[in-house]
Amino acid sequence: MSIKQQYQDIIHSKLQDKQLRNNLFNGMNTLKTNRKNLISKRFLDWESLRQQGKDLKSKNLGKLDELLETFEKNATKNGLKVHWASTPQEANEIVYGLMKEKGIYKVLKGKSMASEETHLNAFLKQKGLEPIETDLGELIIQLIDEPPVHIVVPAIHKNRHQIGEIFRDKLNAPLETEPEKLNEIARIHLRKEFQEFKMGLSGVNFAIANEGAIWLLENEGNGRMSTTACDIHIAFCGIEKIVESFEEASLLNALLIPSATGAPVTCYNNIISSPRKKGELDGPKEVHIILLDNHRSNMLKDPHYYTALSCIRCGTCLNHCPVYDKIGGHSYLSPYPGPIGEVISPQLFGLDKFSPMLDLCSLCGRCSEVCPVKIPLAELIRDLRSERVGQGRKNVIGVTGKTKNLSEIKAMQSFSNLATNPKQWRLMLYLSNLLSHLIKFFSPILPLLKQWVTYREFPTINGNLHKKVSQMQGVIYE
Ligand code: SF4
């Protein structure tokens, strides 16, 4: 089946799932409202904070090589072991190698999008090893064998009734629907796992070069358990997560948490700067940090695409996307869905594999308006569409030009000719108006349009539009 067909099939099935659309609508609304309220009440000048975040990330990306070296030097001095992985396969092999070396078959995972990127769970399972998710959302989706639907709230597509049923079916728990009871079931289940485990794995929010330390934010305490109650802690870190100092990390933190959850801070802030020291009662004996590239250095070379590496994974661009909240994250067929997913997935995994993803955008620009580090997401999506038809800067991996659509190019050229000739333009509007009425009337029985009008109203083209535009512009054509 072609990639395009795969996208069409999954999107069609998600659009028909009313429960999913309802859950996504409620979830996104809550996150958006919380963010809006917090920003208006607590921040005097959110816009200037965004600008500072943007400038800070640009500065750091400009000297990423230097910062990475400083981080490695200081982290090593602190007793952390730094590994470099250019590909997802290499990152996964490092985890496998460590598990094999230590004779460990089970790893307890805190939330890590980078490990989703490398498909670590599937890799470990293939080797006969057992990855166990401990973040509540990740646990829910692992129980039903689904990938995350969102980069911050991985199970937001399920409501509490559905989660109760999952726990009943998969954990043999009594059927509960109250959040406190559901949390209790998950806690009891995970406590058993936490009692005897040797290896924990987490993501990284900020890697601080001057300190050689990592900073991990979370709300459930599972991250702290996964990183401190084990003998060996492995942290997956995309190379763009490097900042220079704690001050910089604090500034980004102030942008990240309100954008992600609408809360001012997270409940747990785990700053890890060394393995367990002599005389300390807890903490891992070994801490390994895997610095993952996976084509990020290629993105860094491009004068526009590099800005996407500023992403602090807050997820607010997903929450505000009018396409994401209709189809959900699984429709993007990538670990990174939504606007940021559309920008980075083709660049991390290849444009040839993720080309249809670029159509899941109306270019409305809401994502760019809310991004806390001002990534021009809509512009980048438009640029990537040019790459797809072979008219970009050709800095993206997997550009084949095969998706070049000659009929589309011809159509756009004809449109351009029409739109620049007033007489033809008026005639076209008049005819389109007639045609749109005819199509609207027949669309429920026309096979090609039937699917389209199932979810949308067919627009009527206003044949008098040219007059209104002429009046507004004070241009007299007649
Ligand atoms: S692109 Fe911006 S809004 Fe989207 S996840 Fe990244 S930081 Fe957040």
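The values are calculated or read from the model by the stated rules, or taken from the named source; none is laboratory data. Here the structure is a predicted model, which means the values were calculated and not measured. Here Cβ is always computed from backbone atoms with ideal geometry, including for glycine, and neighbour counts include all displayed protein chains. Accessible surface areas use protein heavy atoms only, side chains included; no ligands, DNA or RNA. Shrake-Rupley method; radii C 1.70, N 1.55, O 1.52, S 1.80 Å.
Of all the residues in segment 302-320, those that are within 6 Å of the ligand (Cβ to nearest atom) and of a type outside the set (Lys, Arg) number 6.
From 167, 123, grab the single residue that is assigned to a helix (DSSP H, G or I) and either within 16 Å of the ligand (Cβ to nearest atom) or buried (at least 20 other Cβ atoms within 10 Å of the Cβ) (or both).
Values: 123 fails: either within 16 Å of the ligand (Cβ to nearest atom) or buried (at least 20 other Cβ atoms within 10 Å of the Cβ) (or both).
Step by step, each of 167, 123 is checked, and only 167 is assigned to a helix (DSSP H, G or I) and either within 16 Å of the ligand (Cβ to nearest atom) or buried (at least 20 other Cβ atoms within 10 Å of the Cβ) (or both).
Residues of segment 126-164 being in a loop (DSSP other than H, G, I, E, B) and without any contact (Cβ under 8 Å) to a residue 40 or more places away in the chain, which ones? Residues satisfying the conditions are 127, 128, 129, 144, 145, 155.
Name the residue, out of 368, 355, that is closer than 30 Å to residue 38 by Cβ and in contact with a helix residue (DSSP H, G or I) (Cβ under 9 Å, 6 or more places away or on another chain). Before you say what the answer is, go through the steps one by one.
Working: 355 fails: closer than 30 Å to residue 38 by Cβ.
When all the criteria are applied, what remains is 368.
Do we have residue 59 as more than 19 Å from residue 204 (Cα to Cα), basic (Lys, Arg), open to solvent by 20 Å² or more (accessible area, probe 1.4 Å) and not assigned by TED's automatic domain parsing to the domain that holds residue 156 here?
Numbers: more than 19 Å from residue 204 (Cα to Cα): yes; basic (Lys, Arg): yes; open to solvent by 20 Å² or more (accessible area, probe 1.4 Å): yes; not assigned by TED's automatic domain parsing to the domain that holds residue 156: no.
The answer is no for residue 59.
Considering only residues that are closer than 20 Å to residue 112 by Cα and crowded, with 23+ Cβ neighbours inside 10 Å, look in segment 321-333 and name the one that is farthest from the ligand (Cβ to nearest atom). The selected residue is 328.
Pairs under 7 Å by beta carbon, first residue free of Cβ contacts under 8 Å to residues at least 60 places away in the same chain in segment 304-331, partner near the ligand (Cβ under 9 Å from one of its atoms), six or more apart or different chains? So the pair list comes out as 321/338; 321/339; 321/367.
Of all residues in segment 65-85, none satisfies the criterion of being surrounded by fewer than 15 Cβ atoms within 10 Å (Cβ to Cβ) and within 23 Å of the chain's Cα centre (by Cα). Contact map, segment 235-259: residues that are closer than 16 Å to residue 82 by Cα paired with residues that are more than 12 Å from the ligand (Cβ to nearest atom) and charged (D, E, K, R), Cβ distance under 6 Å, separation 6+ or inter-chain. Pairs shown: 239/293; 239/296; 240/296. Among all positions in segment 378-401, there is at least one residue which is open to solvent by 60 Å² or more (accessible area, probe 1.4 Å), of a type outside the set (Gly, Ala, Ser), within 15 Å of the ligand (Cβ to nearest atom) and in contact (Cβ under 8 Å) with a residue 40 or more places away in the chain. Against the conditions (1) at negative phi; (2) within 15 Å of the ligand (Cβ to nearest atom); (3) open to solvent by less than 10 Å² (accessible area, probe 1.4 Å), residue 338 satisfies every one except (1). In the condition set (1) at pLDDT below 95; (2) of a type outside the set (Gly, Ala, Ser); (3) in contact with a Pro (Cβ under 9 Å, 6 or more places away or on another chain), residue 34 is compliant with all but (1).
Only one residue in 91, 114, 85 is touching a His at 6+ places or on another chain (Cβ under 9 Å), small (Gly, Ala, Ser) and touching a residue at least 12 places away in the same chain (Cβ under 8 Å). Which one? Let's see the steps before the verdict.
On the way: 114 fails: touching a His at 6+ places or on another chain (Cβ under 9 Å); 85 fails: touching a His at 6+ places or on another chain (Cβ under 9 Å).
None of the other options fit; the residue is 91.
For segment 348-370, the count of residues that are in contact (Cβ under 8 Å) with a residue 60 or more places away in the chain, in the same structural domain as residue 14 (by TED's automatic domain parsing), within 14 Å of the ligand (Cβ to nearest atom) and in contact with a Leu (Cβ under 7 Å, 6 or more places away or on another chain) is zero. Taken over segment 183-209, the criterion of being within 12 Å of residue 134 (Cβ to Cβ) and either part of a helix (DSSP H, G or I) or open to solvent by 30 Å² or more (accessible area, probe 1.4 Å) (or both) is satisfied by 186, 187, 189, 190, 191, 192, 193, 194.
Per-residue answers, yes or no, for (1) aliphatic (A, V, I, L, M); (2) modelled with pLDDT under 75; (3) under 23 Å from residue 3 (Cβ atoms):
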position	(1), (2), (3)
391	no, no, yes
404	no, yes, yes
434	yes, no, no
476	yes, yes, no
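Within segment 254-269, the set of residues being surrounded by fewer than 21 Cβ atoms within 10 Å (Cβ to Cβ) and polar (S, T, N, Q) comprises 266, 269.
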